[in-house]
Every structure is written in structure tokens, then in C-alpha cells.
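Engineer: The structure follows.
What follows is calculated from the coordinates using simple rules that are stated; it is not laboratory data. None of the values given here were measured: they were computed from a predicted structure. Neighbour counts are summed over all protein chains in view; Cβ atoms, including those assigned to glycine, are modelled from backbone coordinates with ideal geometry.
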Amino acid sequence: MKLLRLVACTLLILSLARFAPAAEELDISHEISVDGWPKPIPVSIAGFGPEVDATLKFDLTFMGFTFVAADKARYQISGSDQGRVEGRVLDMVTKKVTLAKAFTGSTTRSQTHALADDIAHTLTGRPGIAQSKIACKVQPTGYGPGEIFIADYDGHNVQPVTSDGVICSSPTWAGPSMLLYNSYKFEKADIFSHNLTTGARKAIARFPGSNMSPSASPDGKRVAMILSKGGSPNLYVADVDGANLKQLTTTREGESSPCWSPDGKMICFVSRQSGKAALYTVPADGGEMRRLPTAGISNPTEPDWSPDGKFVVFTANMGGFSICYVPVAGPNRGQATVLAAGEDGVWAPNSRAVIFSRTKNNQHVLSLLDVPTKQVKDCARISGHASQASWAR
Amino acid sequence: MKNSTLPALLLTGLVLSLAGIGCTKKMDRTQVIPYTAANAPQIKDPPTPPLPPPIPPTPPLFPEPPVIIIPDQGVVQTGARVIEGRPQDRTLWADKTIHFAYDSHLVKAGEGSKVEAVATAFKAMDHAKDLLVEGHCDERGTEEYNRALGERRALAMREYLIRLGVPSDRVHTKTFGKDQPVNLGQSEAAWSKNRRGEFILIK
């Protein structure tokens, strides 16, 4: 995808001289926390200018790293940004250079993201997220009309997608160059697909009643959504062009906020079937609704299933919104944990970071959460109120 | 509601009515299948006019004309009445706006007379006109949860209108979720104003 390939980086393997200061005692064990998260890897960073240094630390915060003095570091990251971003990683246990790269083309910021992703992938084995994209809703005020935008995951490089001048909501990525979203362009809520390369868009659900909350399957070929044409807001699935529509729930009380399991076989959603909001799962091809417990947490909404399949992040409404998560399998299934104040959390491709929205100074802002450490940092401010992020993954 | 469950609910309602079990408050709730005038239990107080007969199990609440796919427009339904682009009269029934309890879509007993007034007036109008019902929520739910709840409120109003004899193909629902509050305060006084349903005439 062109958008994700803006960083047309030329990679140069540098013949950097090995340099190996004596390391003190280093903690090289890969400790595992309660829910199986690897502990953050202690690294030091030196040699970069302020902007690259800050960007690199921001990126690495959400990919499993913590920053320490050079003599405490498991890996020492050093480099420069004179004309191009160069970086190398020195393993303080083996005393070997594990990564040495230079980046050209695009912007210094893009080069820095590329370096961060290479470092993360090399040292953690998980995919980097620093070059990934998000879509979100931006409203001039905290309610009413808004438009869909896409941006870098950290809120930079914002580009508009819609200019409908009506309520637009719940964008979802269906592949690297397609968005689905809700727009009131035709008076009421309908669901549209929007090709980001060609600009072409079309209604994929425009039935009588409201057509709401689209969620594209991980392979981008199907869509789960909430339609009210049957007399109640129920869960449906269809092909991404709207064909082969199938109704999955028939409750009287109504459903909302579907999301997909990473294998595309299950859909997690909110139902008021029991009289109040709760999380449920249902096979994407149809079958029985099954409750996903959220012990200790009431009024769960806005679920999102992690790409590694292990967790569902959701919003608890207990006199204020909280980002929570719950294991979907294993001995802790259904045992929910509160992570941060905020709403509408969505997993990053690395199944570690979550983007969500929170209110600061009466503005909705997008923020990032490193789930294992509960660290939170705000994305760059997008004008107005930003919410309902969807992560391209 | 699915067609298959409606007859069962109708039967349940009939059994309950024959057994003389009834609650006058429930008469106004859209969730409960209404009694017919003939077999309704005696109502003591407050006196509530008998509700019209239940809607027949067919056609479904939203008639479903065949779907076609048009290259520039995507999926559209043929035959459905279009409200987009038509003039709206938002003031005619502004005083008939009804209000809901927190996290509820039940039309409260005290609000029934407003729905009935709208139904009576609309039924007297010519068949070219349509009725749009809008559901709104307060800010205390999350965005898409409220979008569904607002739609459920609009559907409850629609069901009430249909039971009063308004043709189902002329009542349209729209949800605003929490996107269009009338009071920006953060108190129960403000929230109770925002949890509402509005009636709009489509000319």
C-alpha cells in the first residue's frame, strides 16, 4: 500500500566498528508477568537530535522497551540524524552489533519510525507499529457532525477522507487501502466503503432503519455491522460489498459494536439481551450467542479482539469510562482488569499497545496505552475532538 | 422482531389476558403485546383508553423490497419510500417530544398520549407524507452503544405508532446516539432532556 510505503527507505548496511564497553551486571532474564507479557527491555539511546530522540522513545515505549542509563542497558542504541537517520544496536551481553541501518528518503520522522520498527522486530520478534496508520473520527465540537481522517499512529501526518458535513462515525480498515464507515449523507445512518487509492465509495448497507457500527474482518473480505431493518438493532454479516447478508442475532433489546477474532471465525459484540450491556461472542457463520464474562466490571461496551487472539479490550461504564481488558481463554478467562480512564480502545498490530480516546480540557484526544506497563501518552493533537480510532493491521 | 416469535408472544398475551392478569402501566409499554379491546381486563385507575389490536404477524416491521446493486450507489432497495431530500417540518410536533428513562427504550406511561396525538394527526394526512422518528441519548453511554440505543428508542416509538394504526411503510427511524443533545449540562436535569424521541413530518 502506498500510504504505508511512504517511507521508501533505502537500507544501507553500515560497516560500523564494534564497540564494547564493559557491561555491569545485567538482567537478561525474560521475565513474564501475570498475563504472559514480556517485561520491557531496558535500552539506552544516544547520539540523536532532540526530535529523533523523542520520536524514537515514543515509538519504542509502545513496543516493549524502557529507557535506562547506558551502563544499565540490555541493548545500547546509538546513531545520528545528520541528513539521514542512522542507528545501531549493541547487545551488551554478547557484545555484538545486532542491528545497523541507515535510512534515506521521505521525512526524518518516517526514517525514525522505520528504525524503531526494525529495532522492535529484531529485539522482540513482534511486528513494529511505528509505521502503521490509524483512521478516526474528528468533530469540531464534541458531538454532531464530524469527518473521517487517517493519520500516522502517533497522530502526525493527518489526511481527510470524508467531507460530508454530516455525522460520520466508526471507521474500520478493510485491508490496507479501504475504509468502511458510517455516514448520514443520505439523511440517516448508512454504511459506506471508501477506496483510499481511487477515492471511489459506495453504500454497502443502506436498508430502511439505521445501518451502524461496521467492523471489517481481519482479511478485509467481510463486514460485521448493526442493522435495524428487522425491527431491532441486530448483528449481521455480509461480504465487504454488501452482498450475502446474513443475520446473526435476533434479540429484542439490541446489539452494538461488533469486532472480529483474528482468525475471522468469531465475532465479539455487545448485547442488552440480559437487560443491560454485556459482551457476547457468536460464530461468524451463525450459531449460539455465548457470554464473555467481565468479572468485576459492569456495562462493558466497545470490544476489540487482540491480533494474537488472547484478549478483548473494552470500555467499562461505571460512572465514567475505563479501558479494561479480559483474557478470552485460559485460566483467567473472564477476569477483567482496569487499565486506564478512557473509552473505545483498539489494539495495535503488536497486540501490546492500545489506542483509545480520553477527555482532556474538555476535548476528546487520542492516546496510546502500553497495556503491560499501563503507560499512557497522547497522540499529536488533531484539530477538534478526535475519537473512534481504528488501527490498520 | 422475527416473524416466528410474534405469534408466540401474541399467544402469551392472549393467555395472560384470559387469565385476567394485567397491569395498566404495561399497557403503555411497547414491549408488551397489547390486549384487544374485547378481552382487555377492566382498568381501574388511571383510566387508559384501550390500545388498538396488535399488528398482524406479517408483513415484517420493515417491509423488505428486493435489493439491487447500482454501480455508483452500491446497495439500494427498490420500492422503499425515500425520505432523503424531502422537506421536513420539525416544529409541528415539537411539543410531542417524549422522554426516556436512563438506559431504557420503553415509552413511559405518561408519554403515551403524545404518541397517540401524533398518530391521530398523521393518519388524517395524505398518503404522500411520511413520519420520521428520531431517537437520542444522554452522554453517559459510549458512542456506538448509544447509537444502537437511540435506534431502539426510535423503533419503540415506531412500534407504538404502528399499533395505533399508522402504516408501517410510512414510519422511518433515525438514531443520533449522543450526537445531538439539547442541553449541554452535566446533570440529571440536562441528561433527562437529552434522552428523547422526536417526531418529524416529512412532506
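Engineer: Taking the Cβ of A:ARG84 as the centre, find all other residues whose Cβ is under 15 Å away and add up their charges (Lys, Arg: +1; Asp, Glu: -1).
Structural biologist: Net charge in that neighbourhood comes out at -1.
Engineer: Same structure, new question: Going by C-beta contacts inside 10 Å, put A:SER298, A:SER169, A:SER261 in order with the fewest on the left.
Structural biologist: Ascending Cβ contact count within 10 Å gives the list A:SER298, A:SER261, A:SER169.
Engineer: How large is the dipole of chain A about the Cα centre if only Lys and Arg carry +1 and Asp and Glu carry -1, each at its Cβ, rounded to the nearest 20 debye?
Structural biologist: Dipole magnitude for chain A comes out near 500 debye.
Engineer: I would also like to ask the following. How far is it, in nm, from the label point at B:GLU188 to the one at A:ALA54 when both lie 7 Å from their Cα along the line to the Cβ?
Structural biologist: Distance between label points: 4.6 nm.
Engineer: Moving on. Percent antiparallel among DSSP beta bridges with both residues in segment B:80-202, to the nearest 5?
Structural biologist: 60
Engineer: Continuing with the same structure: So if I average 1/r over every pair of distinct C-alpha atoms in segment B:80-202 and take the inverse, what Kirkwood radius in Å does that give?
Structural biologist: 14.5
Engineer: Compute the acute angle (0 to 90°) between the alpha-carbon long axis of helix A:50-61 and the principal axis of greatest extent of the alpha-carbon atoms of chain A; round to the nearest 10°.
Structural biologist: Tilt relative to chain A: about 60 degrees.
Engineer: Additional query: Averaging over every viewing direction, what projected area does the convex hull of the Cα atoms of segment A:282-393 cover, in nm²?
Structural biologist: In nm², the orientation-averaged hull projection of segment A:282-393 is 8.0.
Engineer: Also: Less than 18 Å from a label point 7 Å out along the Cα-to-Cβ axis of A:GLN159: which backbone N atoms in segment A:372-393 qualify, by residue?
Structural biologist: A:382-383, A:390-393
Engineer: Here is a further query. Can you give me the angle between helix A:108-124 and the longest principal axis of chain A, using Cα atoms only, in degrees from 0 to 90, rounded to the nearest 10?
Structural biologist: Rounded to the nearest ten degrees, it is 90.
Engineer: Still on this structure, please answer the following. When N counts the residues of segment A:132-171, how does its alpha-carbon radius of gyration compare numerically with 2.2 N^0.38 Å, as a ratio?
Structural biologist: Normalised by 2.2 N^0.38 Å, the Cα Rg of segment A:132-171 equals 1.11.
Engineer: Something else about it: If r is the Cβ-Cβ distance from A:SER274 to A:LYS95 and R0 is 60 Å, what FRET efficiency results, to the nearest 0.05?
Structural biologist: Between A:SER274 and A:LYS95 the formula returns 0.50.
Engineer: With point charges of +1 on the Cβ of Lys and Arg and -1 on the Cβ of Asp and Glu, referenced to the Cα centre of chain A, which listed residue (A:GLY286, A:VAL52, A:ILE129) lies farthest in the positive direction of the dipole?
Structural biologist: Looking along the dipole axis, the top candidate is A:GLY286.
Engineer: Eight or more residues apart or on different chains, and alpha-carbon atoms under 13 Å: count the Lys pairs in segment A:133-391 matching that.
Structural biologist: So the count of such lysine pairs works out to 5.
Engineer: For chain A, modelled as a GNM with alpha-carbon contacts under 10 angstrom, which of A:ASP91, A:ASP154, A:ASP35 fluctuates the most?
Structural biologist: A:ASP35
Engineer: Among A:ARG358, A:ARG290, A:ARG206, which comes first, second and so on when ranked by fewest other beta-carbon atoms within 10 Å?
Structural biologist: A:ARG290, A:ARG358, A:ARG206
Engineer: While we're here: What is the fewest-to-most order of A:HIS194, B:HIS105, A:HIS364 by other Cβ atoms lying within 10 Å of their Cβ?
Structural biologist: A:HIS194, A:HIS364, B:HIS105
Engineer: Continuing with this model, one more query. Distance from a point 7 Å along Cα→Cβ of A:ASP35 to each backbone N in segment A:312-332: keep the residues under 12 Å and list them by number.
Structural biologist: In segment A:312-332, the label zone of A:ASP35 (backbone N under 12 Å from the point 7 Å along Cα→Cβ) covers A:312-315, A:323-329, A:332.
Engineer: Follow-up question, since we're still on this one. Give me the Kirkwood hydrodynamic radius of segment A:163-295 in Å, from all C-alpha pairs, to one decimal place?
Structural biologist: 14.8
Engineer: Can you give the translational diffusion coefficient of segment A:133-391 in µm²/s, computed by Stokes-Einstein from the Kirkwood radius over Cα pairs at 25 °C and 0.890 mPa s?
Structural biologist: 136
Engineer: Between A:LYS310 and B:ALA121, what FRET efficiency comes out of the Förster formula 1/(1 + (r/R0)^6) with R0 = 45 Å and r the beta carbon distance, rounded to 0.05?
Structural biologist: So, using R0 = 45 Å, E works out to roughly 0.20.
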